[in-house]
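Structure, as structure tokens:
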Amino acid sequence: MAIDLETSRSPGFDFPHRTYGRSLMVHADCFHWLRQIPENSIDAVVTDPPYGIREYEAQELAQRQRGKTGIWRIPPSFDGSRRAPLPRFTALDHQERQAVRHFFHEWATILLPKLKPGAHVFVACNTFMSQLVFSSLMDSGLEFRTQIIRLVQTLRGGDRPKLGEQEFPDVCSLPRGSHEPWGLFRKPLPKGMSLRECLRTHGTGGLRRRMDGKPFLDVIPSERTPRRERSIANHPSLKPQSLMRQLVWSALPLGEGIVLDPFMGSGSTIAAAEAVGCRSIGIERHSDYYELAGEAVPQLHVLPTRGPTGGLPSHNGQAQLELGSGVPVEPVAHHLAVATGVDGGCDRAAAGG
Ligand SMILES: C[S@@+](CC[C@H](N)C(=O)[O-])C[C@H]1O[C@@H](n2cnc3c(N)ncnc32)[C@H](O)[C@@H]1O
């Protein structure tokens, strides 16, 4: 049974939700939502989960807002500019690390049957948590494929020893983080099934090549989330459109199917899916962020990107095309159709053709 985004009759619609373009945004706890949807209904997952678990609890978010220290650490100011609070992952004790392990194990156990065989799962992480998170996901039955390295200057590490800055001016506590690891997983292919068969049967199993025909790469030069995107979506973990569009694009090998973000936040994955012309579902538990996504997705998805795009055009949403059905089709898909003579799947599906 498939999730039908067009008719609103699927089980996923029992929760408060809104639709935009070819996307569905749901206000729910993703654990509850996932339990209700049909098996083998999700084609790909692209998500940025709360890997410290505690940082998105109401109490911790309230502390952060009041500028109080909890799990959110206020980093020292740098070059005169104040840095945004960061979750203090190094402060997690053994019990909390066990809680993280349990969280991801349970999440992947619920998710796995809902994925189509061969469906890819992209999970954002950081260098402190990746071993814990990735091993928990593998223990639940997801097949680890590789790590994707997003090259980006982070604000983690590189500090002099706290209160020992004068005494040890030539020391830093940790390397300054210059990358963000994303785990790439897959629901195992049925025993004996080749990739070709999986693509034919389920439309999954591989990754979509870049638009210039080159393979999708496991190192992605990236940028910090641009100010104009942050001014649209004021979420502490907003990811840049220039990155998310590349990931969403590659997640559906034939450009068809549904990309899920079970930890939607302010909707950067959903906006990216809209921008590259794919169907998507985002789930968010926090009511403020769910509302924020509703407002941010329409604005983010039409923004041209200025950072590295991995072969995708940094298109301008104003140049939207209209197909006969009245469904707006982004130039990305149009570009593909022009370049290859083949319609870009998602758009064909959404346009009812
Ligand atoms: C790291 S943030 C994702 C931010 C996103 N990348 C963006 O660009 O806005 C994780 C989000 O997951 C949400 N969340 C945490 N637990 C959840 C759950 N069980 N179900 C749904 N959402 C959850 C948090 O409220 C938070 O907004």
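The values are calculated or read from the model by the stated rules, or taken from the named source; none is laboratory data. Just so it is clear, the structure is predicted and the values come from calculations on it, not from any experiment. Because the Cβ atoms are built from the backbone with ideal geometry, glycine has one as well, and the counts that use them run over all protein chains shown.
Show me the strands (runs of 3 or more DSSP E) entirely contained within the stretch 98-203 in which 3 or more residues are aliphatic (A, V, I, L, M). Explain how you work it out, then say what you get.
On the way: elements: 115-124, 143-151, 179-186.
Output list reads 115-124, 143-151.
Need the failing condition index for E291 against (1) assigned to a helix (DSSP H, G or I); (2) crowded, with 24+ Cβ neighbours inside 10 Å, just the number.
(2)
Only one of these is under 19 Å from P313 (Cα atoms), assigned to a loop (DSSP other than H, G, I, E, B) and either without any contact (Cβ under 8 Å) to a residue 40 or more places away in the chain or within 16 Å of the ligand (Cβ to nearest atom) (or both): E223, E229. Name it. Walk me through how you get there before you give the answer.
Numbers: E229 fails: assigned to a loop (DSSP other than H, G, I, E, B).
Only one candidate qualifies: E223.
Which ones in the stretch 240-259 are in contact with a Leu (Cβ under 9 Å, 6 or more places away or on another chain) and charged (D, E, K, R)?
Result: R245, single match.
Look through the stretch 176-213, keep the residues that are over 19 Å from the mean Cα position of the chain (by Cα) and among the basic types (K, R), and return whichever of them is surrounded by the fewest Cβ atoms within 10 Å (Cβ to Cβ).
The extreme case among them is K191.
Where the second residue is aromatic (F, W, Y) and the first is under 16 Å from L189 (Cα atoms) and lies in the stretch 99-128, which pairs have Cβ atoms under 6 Å and are six or more apart or on separate chains?
V121/F185
Go through the stretch 273-288 and report how many residues are of a type in the set (G, A, S), closer than 23 Å to S41 by Cα and either surrounded by fewer than 24 Cβ atoms within 10 Å (Cβ to Cβ) or more than 10 Å from the ligand (Cβ to nearest atom) (or both).
Initially, the stretch 273-288 is screened for residues of a type in the set (G, A, S), giving 273, 275, 277, 280, 282, 287.
This time we only want the ones that are closer than 23 Å to S41 by Cα, so: 273, 275, 277, 280, 282.
Still in the list and also either surrounded by fewer than 24 Cβ atoms within 10 Å (Cβ to Cβ) or more than 10 Å from the ligand (Cβ to nearest atom) (or both): 273, 275, 277, 280.
So the answer is 4.
Quick one: would you say S280 is under 14 Å from the mean Cα position of the chain (by Cα), within 23 Å of M25 (Cα to Cα) and polar (S, T, N, Q)?
On the way: under 14 Å from the mean Cα position of the chain (by Cα): yes; within 23 Å of M25 (Cα to Cα): yes; polar (S, T, N, Q): yes.
Yes.
Only one of these is assigned to a helix (DSSP H, G or I) and either more than 16 Å from the ligand (Cβ to nearest atom) or crowded, with 19+ Cβ neighbours inside 10 Å (or both): L243, L260, L254. Name it.
Details: L260 fails: assigned to a helix (DSSP H, G or I); L254 fails: assigned to a helix (DSSP H, G or I).
Among L243, L260, L254, only L243 is assigned to a helix (DSSP H, G or I) and either more than 16 Å from the ligand (Cβ to nearest atom) or crowded, with 19+ Cβ neighbours inside 10 Å (or both).
Could you go through the stretch 192-207 and let me know if any residue there is in contact with a helix residue (DSSP H, G or I) (Cβ under 6 Å, 6 or more places away or on another chain) and at positive phi.
Checking the stretch 192-207: at least one residue is in contact with a helix residue (DSSP H, G or I) (Cβ under 6 Å, 6 or more places away or on another chain) and at positive phi.
Quickly run through the stretch 22-73 and pick out the residues that are at pLDDT 95 or above, farther than 18 Å from A2 by Cα and either of a type in the set (D, E) or away from the ligand (no atom under 15 Å from the Cβ) (or both).
Matches in the stretch 22-73: D29, D48.
Take T146 and decide whether it is over 25 Å from S41 (Cα atoms) and in contact with a strand residue (DSSP E or B) (Cβ under 9 Å, 6 or more places away or on another chain).
Details: over 25 Å from S41 (Cα atoms): no; in contact with a strand residue (DSSP E or B) (Cβ under 9 Å, 6 or more places away or on another chain): yes.
When the stated conditions are applied, T146 does not pass them.
Take F168 and decide whether it is hydrophobic (A, V, I, L, M, F, W, C), surrounded by fewer than 21 Cβ atoms within 10 Å (Cβ to Cβ) and over 30 Å from D139 (Cβ atoms). Break it down stepwise before answering.
Values: hydrophobic (A, V, I, L, M, F, W, C): yes; surrounded by fewer than 21 Cβ atoms within 10 Å (Cβ to Cβ): yes; over 30 Å from D139 (Cβ atoms): yes.
So F168 passes the test.
Given the criteria modelled with pLDDT of 50 or more and out of contact with any Pro (no Cβ under 9 Å at 6 or more places or on another chain), does R285 qualify? Explain how you work it out, then say what you get.
Values: modelled with pLDDT of 50 or more: yes; out of contact with any Pro (no Cβ under 9 Å at 6 or more places or on another chain): yes.
Yes.
Among G267, G311, which is at pLDDT below 95 and at positive phi? Walk me through how you get there before you give the answer.
Working: G267 fails: at pLDDT below 95.
Residue meeting the stated conditions: G311.
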